[in-house]
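So the structure is just underneath, and the comments pick up after that.
The values are calculated or read from the model by the stated rules, or taken from the named source; none is laboratory data. These numbers were taken from a predicted model, which means no experiment stands behind them. Cβ coordinates were reconstructed from backbone atoms using ideal geometry, including for glycine residues, and neighbour counts include every protein chain displayed.
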Amino acid sequence: MIYADYNGSAPLHPSVKEYLCERIQSGPYANPNSIHSIGKKMLFGMEKCRRVCAKALGAKAGQIVFNSGSSEGISQVFHSVMSDRDDSRNIIITSGIEHSAVVQSCEYYSNKGAEVLTVKTKTSGVVDIEDFANILKTNSDKVAMVCIMAANNESGVIQPWKEISKLCQEHGVTYFSDTTQFIGKTEFNFEESGMDFAVVSGHKVGALIGSGFIIAKDPTTLRPIIFGGGQEKGLRGGTQNYMGIETLAVAFDAFERSKDKLSELAQYRVEFEKDVQEAFPKAVIIGDDADRLASTTMIALPGVHGQAVQIELESQNIFVTTSSACSDNEPETSKVLRAMGIQDDVGRGVVRISLCCGAAREDYQKIATALKAAYAKLSGISNY
Ligand SMILES: Cc1ncc(COP(=O)(O)O)c(C=O)c1O
């Protein structure tokens with residue numbers, strides 16, 4: 001079996017699995033906010049995890065607010081920025097390739113009177129930095145926030161977040177980047193990023209589902225959306241998911257130790273794409289000429305339906321998706337691909353293959369063999 005849907009949800013990292021098996025057996029279990037000695041032990045452990053995550057990501061421990069994952073993080077950042085802004089700052093600048101958690105947050109505040117300006121995306125899948133710079137320059141004193149992702153979940157295309165961050169700093173505008181697919185898949189240093197807010201989702205990095213955090217340059221600018229007993233310095237009510245938090249620390253620690261394998265992964269991906277394109281020269285790699293996550297390929301053979309390819313691969317025990325898990329049920333080209341100007345014959349044909357740091361060359365080779373067989377069968381071209 002080859003699981004190639006890490007962008008949808010990553011299986012538990014082997015170190016996390018090992019840690020959890022032992023942890024569940026031995027305990028302790030207690031509320032980290034209780035004042036008895038077991039509670040204090042839990043609190044001490046949780047704060048250690050905060051320091052481990054912060055260190056791995058170039059942040060300070062106090063800048064990390066644990067939560068349930070990125071949809072919650074995104075909602076809280078929007079709520080915080082939009083409820084505290086000056087009345088004169090009514091514009092949100094975003095892109096056309098954001099995850100639905102960002103899209104719907106924008107819609108929510110648009111229904112409440114905010115103006116949402118969408119930056120163009122180039123056919124490469126990269127947000128158009130010149131368009132962004134013009135929009136920002138023209139409106140800078142009216143902008144409440146910029147929300148543009150760091151890496152796209154469907155194509156894996158890395159966005160010009162460094163330039164965006166620099167421009168936001170020059171114009172004194174808040175920059176929130178949805179870093180869900182970026183952090184834990186490539187090098188990241190929050191302090192150097194210049195971002196005001198970033199988000200992390202546990203189930204994208206091999207930690208437990210239902211865990212995650214916000215990194216905030218100035219956490220006092222956050223406002224709670226879940227009220228409770230003052231946990232997370234009053235920024236997120238509810239007993240912390242301490243077991244999930246522990247797995248986040250284990251996952252980031254493991255990533256720190258394995259990230260030198262990222263260049264190998266990128267190499268395997270290049271070989272895989274070359275192999276398929278040599279056999280099927282009409283195969284289209286989405287974001288081919290852009291900088292992409294080492295782990296992600298989105299590929300289509302025009303005229304061959306992505307769902308049919310997915311079923312063929314599944315019959316070989318290889319698990320991929322069409323577009324993203326969230327837009328898999330859309331019968332049409334996803335909005336991300338439409339924003340890139342991709343036509344339906346390609347858009348309906350895409351499958352996304354997403355692996356992880358540590359994947360083997362043989363995994364890619366097996367996927368290539370199965371994908372070529374699927375293309376041959378479904379397109380009627382057998383002499384590739
Ligand atoms: C780019 C991006 N943002 C946000 C999310 C939402 O993350 P979560 O599942 O942790 O709520 C996802 C998940 O697919 C994602 O890919």
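What to note about this one:
- When S9, S15 are screened for being within 16 Å of the ligand (Cβ to nearest atom), closer than 26 Å to I353 by Cα and either of a type outside the set (G, A, S) or in contact (Cβ under 8 Å) with a residue 60 or more places away in the chain (or both), only S9 passes.
- Screening the candidates A254, A266 for the property of being touching a Ser or Thr at 6+ places or on another chain (Cβ under 8 Å) and part of a helix (DSSP H, G or I) yields one hit, A254.
- Scanning the stretch 292-322 for residues that are touching a strand residue (DSSP E or B) at 6+ places or on another chain (Cβ under 6 Å) and within 14 Å of A374 (Cα to Cα) returns I299, A300, G306, V309, Q310, I318, F319, V320.
- The set of residues from the stretch 339-374 being among the charged types (D, E, K, R), in a helix (DSSP H, G or I) and in contact (Cβ under 8 Å) with a residue 24 or more places away in the chain comprises D345, R361, D363, K366, K372.
- Given (1) farther than 16 Å from C49 by Cα; (2) among the small types (G, A, S); (3) part of a loop (DSSP other than H, G, I, E, B), number of the condition G206 does not satisfy: (1)
- Pick from the stretch 263-311, criterion of a type in the set (A, V, I, L, M) and without any contact (Cβ under 8 Å) to a residue 40 or more places away in the chain, ranking: surrounded by the most Cβ atoms within 10 Å (Cβ to Cβ): I285
- Once the stretch 95-116 is narrowed to residues that are near the ligand (Cβ under 10 Å from one of its atoms) and not in a helix (DSSP H, G or I), the residue that is surrounded by the fewest Cβ atoms within 10 Å (Cβ to Cβ) is H99.
- Restricting the stretch 327-338 to residues that are of a type in the set (S, T, N, Q) and part of a loop (DSSP other than H, G, I, E, B) leaves a set whose member that is modelled with the highest pLDDT is S334.
- Some residue of the stretch 167-185 being more than 14 Å from the ligand (Cβ to nearest atom) and closer than 30 Å to T322 by Cα: no
- If you go through the stretch 15-58 and keep only what is touching a helix residue (DSSP H, G or I) at 6+ places or on another chain (Cβ under 9 Å) and acidic (D, E), you end up with E18, E47.
- Residue check, V52 surrounded by 17 or more Cβ atoms within 10 Å (Cβ to Cβ), part of a helix (DSSP H, G or I) and in contact with a Cys (Cβ under 9 Å, 6 or more places away or on another chain): no
- Residue count for the stretch 199-213 satisfying the condition of being aliphatic (A, V, I, L, M) and more than 11 Å from the ligand (Cβ to nearest atom): 1.
- Scanning the stretch 67-84 for any residue that is among the charged types (D, E, K, R), under 26 Å from I226 (Cβ atoms) and away from the ligand (no atom under 16 Å from the Cβ) turns up at least one such residue.
- Candidate set from the stretch 214-242 (those that are more than 16 Å from the ligand (Cβ to nearest atom) and of a type in the set (K, R)); member that is surrounded by the most Cβ atoms within 10 Å (Cβ to Cβ): K217
- Selection within the stretch 55-94 - in a loop (DSSP other than H, G, I, E, B) and buried (at least 21 other Cβ atoms within 10 Å of the Cβ): L57, A59, G69
- Tally of residues being surrounded by fewer than 18 Cβ atoms within 10 Å (Cβ to Cβ) and in a strand (DSSP E or B) across the stretch 119-137: 0
- Scanning the stretch 138-156 for residues that are more than 12 Å from the ligand (Cβ to nearest atom), in contact (Cβ under 8 Å) with a residue 60 or more places away in the chain and surrounded by 24 or more Cβ atoms within 10 Å (Cβ to Cβ) turns up just one, M145.
- Among residues of the stretch 156-195, those that are under 16 Å from G73 (Cα atoms), assigned to a strand (DSSP E or B) and of a type in the set (A, V, I, L, M), counted: 1
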